[in-house]
Amino acid sequence: MKLQKNTLLSLQMKLSPEDFEPATKSEQEDLNKLTANTSYWKDAWRRLKQNKIAMISLIVIILFILFAFVGPTFSPYTYDQQVRGDENMRPCLKHLFGTDQLGRDLLVRVMVGSRISLIIGVGSALIVLVIGSLYGSIAGLLGGMTDNIMMRIVEIIYSVPDILVIILLQIVIKDPLQKAFDSGALFGGLQKLGPGIVAIFIVYGLLYWVGMARIVRGQVLQLKQMEYINAATALGANNKRLILKHLLPNCIGTLIITTMLQIPSAIFTEAFLSFLGLGVSAPMASLGSLASEALNGVQSYPYRLLFPALAISIIILAFNLFGDGLRDALDPKMKK
Amino acid sequence: MGNQNNENLIEIKNLKKYFPVKSGFKTSYVKAVDDVSLYIKKGETLGLVGESGCGKTTLGRTILRLHEPSSGQILYNGTDITKANMHPFRRKMQIIFQDPYASLDPRMTVGDIVGEPLDIHKMFQNNKDRQEKIYSLLETVGLNREHANRFPHEFSGGQRQRIGIARALAVDPEFIVCDEPVSALDVSIQAQIVNMLEDLQEEKGFTYLFIAHDLSIVKHISDRIGVMYLGHLVELAESRELYKNPMHPYTQTLLSAIPIADPKTSRSKKRIILEGDIPSPLNPPSGCPFRTRCPYATEQCAKERPELKEYEAGHFAACHNIK
């Protein structure tokens, strides 16, 4: 309630006896609701909504997910269907993005390729999240010698050139993986995706969690000084409980942000590897392999490179901008 | 004040806690608790006073093994717990923290915070009994059962301290370290919390180690009082005896600093003002820790550290100059 002043410059308020009546039951309840409503998530959502760039990125991401996962069902073609007589077509009404030299519709291939890229992005980010957060929180909580050894291991992994390791690993694991795939139902749902993608997940699980581990360790070192960690120890909580119930939930903001920013980097790495010919196996498409295939005829058919490249750029830009927005919303202290 | 008998619940022998401080290759030690011996009888309240940084909090936490003791012995009910697996003892010994804002996990609801000890010690098999226990704990400390679904940040300091107390009570402990439980609270709330602690003690027979730097509250709640200075216990006596007849010069100074509500007596009272600051615990003075600020310091004080001696029945002090 805003109080009226007598005149504009006066310090006296216009008051009436009604202003001094005790609050009614409903007014009291309103007040209670007001205090209850300011939770961490609602606060973050409010800040996120004010950030226009982040909201646009969020909409772009949602549209892209629809494009990648719902899109192919509306297409008359499938990603590996070769339409005789439609080879090497330019973008037209029949094939919006044109076709390749085998007569495959590029639109549906870009959709499926985006799907693969998104799956790899999210899957790798989750692998990184699980390994990195557990490793980092264990190192941070135990401290001392354990921490020392664990962080030196992280630094060794950090300092190895990753492209070299990826290429070597791909060569080493490709054969055994292929055999495992051929032999049967070892991978369940992953069976469809092909050994290349599993290899990428393995590479991510081996190499890319170190950044997350460092960030989480830093947070845990800070959080473990908090009194409520002492309180939980005094109650008899073991380390597992401290990590899962107290430490990780309290760095949830950082976890979400780092995971979110991991997605575009994983998508980019996958595109890059597919471009080098190490990613998904044909006829499955990913954005990187589409771009790589298009390179053969780039002078005659530049649109074949344009569409997958555009898709990669849009996904990565949207995820990065949304990740930045999330960071500002979840952790206002980190904002520069 | 609780029922007293002569059984010692807690006994500490020559307890030391040194924190290493590394600077370059040299490691020096902060002697936070240095050679403290005391006992706490079942059902009594032992007050512990001293200025900031004198090691009271460290002592309380070392007793609970939240810090590992550097040397010395802690006996609980006659059992040596210095090296023991603490898990079973966590149900017997609890702590109430100073800062009600930092001691509750901001991501847990009040129900989960109070219920955590129940889960850790697997005290309830079914969810309904567990929930009932949480409600009854909240009601014990003067909160409503509706509060169980809220988060700590929705509460005031006093209410948060009550939540912290409910959490400590959840395991039905025998011994509670109250680590300055009221110093972060408003004066009007302090009385409520202190009275509640006293009522709980009467009802359940708790033994308290009550750490504070507010002398009037300690006087009110304690049966016996220990005075700490620079990691050492310098005086230990029955509450009334200590206030009537302080032996150690440091205790005399502390007591002279208590404000008196009546201006006439206040004016006539002589306040002892110490010179200088408390020495660094990294580099404590030789001999008696208090000698650098003590008006009665002699040469002997610089050479030998005074032992804690019993001068009258139950009245211990560590000073060379007591006759």
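Fewest-first ordering of A:174, A:25 by other beta carbons within 10 Å of each residue's beta carbon gives A:25, A:174.
Value of Rg to Rh for region B:1-118, rounded to two decimals, is 1.01; Kirkwood radius and Rg both from alpha-carbon coordinates. Ranked from largest, the principal axis spans of the Cα set of the protein assembly as shown equal 114, 73, 53 Å. Dipole size of region B:99-172 about its Cα centre, with +1 on Lys/Arg Cβ and -1 on Asp/Glu Cβ: approximately 40 debye, rounded to the nearest 20.
Residue B:37 sits among other residues whose Cβ lies under 9 Å from its own Cβ, and their net charge, with Lys and Arg +1 and Asp and Glu -1, is -1. Ordered by the number of other Cβ atoms lying within 10 Å of each residue's own Cβ, fewest first, A:160, A:60 fall into the sequence A:160, A:60. Here is what passes the span test in chain A: the DSSP H helices with alpha carbon length of 24 Å or more along the helix axis and a Kyte-Doolittle mean of -1.0 or above are A:52-69, A:106-142, A:162-183, A:252-276, A:302-330. A simple count of charges around residue B:98, restricted to other residues whose Cβ falls under 10 Å of its Cβ and scoring Lys, Arg +1 and Asp, Glu -1, yields -4. Taking the inverse of the mean reciprocal distance over all distinct Cα pairs, the Kirkwood hydrodynamic radius of region B:89-235 comes to 15.9 Å.
Helices in the protein assembly as shown, meaning DSSP H runs of at least 4 residues, each add -39500 (n - 2.57). Divided by all residues, the mean residue ellipticity at 222 nm is -15500 deg cm²/dmol.
Taking the Cα atoms of chain B, the ratio Rg/Rh between the radius of gyration and the Kirkwood radius comes to 0.99.
Peptides A:240-246, B:104-110, B:182-188 ranked from most to least packed, by the mean per-residue count of other Cβ atoms within 10 Å: B:104-110, A:240-246, B:182-188. With the convex hull of the Cα atoms taken as the outline of region B:99-172, the averaged projected area works out to 4.4 nm². Taking 7 Å steps out from each Cα toward its Cβ at residue B:109 and residue B:129 produces label points 2.2 nm apart. Counts of other chain beta carbons within 10 angstrom of each beta carbon in peptide B:161-174 average 1. Amide H contacts for residue B:29 (H built 1.01 Å from N in the peptide plane; partners 5 or more residues away or on another chain; cut-off under 5 Å): B:21.
Among the listed pairs B:13/B:303; B:17/B:56; A:240/B:122; B:92/B:204; A:25/B:128; B:41/B:92, a Cα-Cα separation exceeding 20 Å is found for B:13/B:303; A:25/B:128.
Counting neighbouring Cβ atoms within 10 Å and putting the fewest first, the residues B:278, A:171 line up as A:171, B:278.
Other residues within the sphere of radius under 15 Å centred on the Cβ of residue A:140, judged by their own Cβ, net out at +4 (K and R +1, D and E -1).
Once the Cα-Cα distance is subtracted from the 0.36 nm per residue extended length, the residue B:191 to residue B:153 segment shows a gain of 11.4 nm.
Once the gyration tensor of the Cα atoms in region B:211-264 is diagonalised, the equivalent ellipsoid follows with semi-axes of 18, 13, 11 Å, ordered largest first.
Only the coordinates and a few stated rules stand behind these numbers; no lab work does. Computed from a prediction, not measured in an experiment: that's the story for all the values here. Quick reminder, even Gly has a Cβ in these numbers, built from the backbone with ideal geometry, and neighbours come from all protein chains shown.
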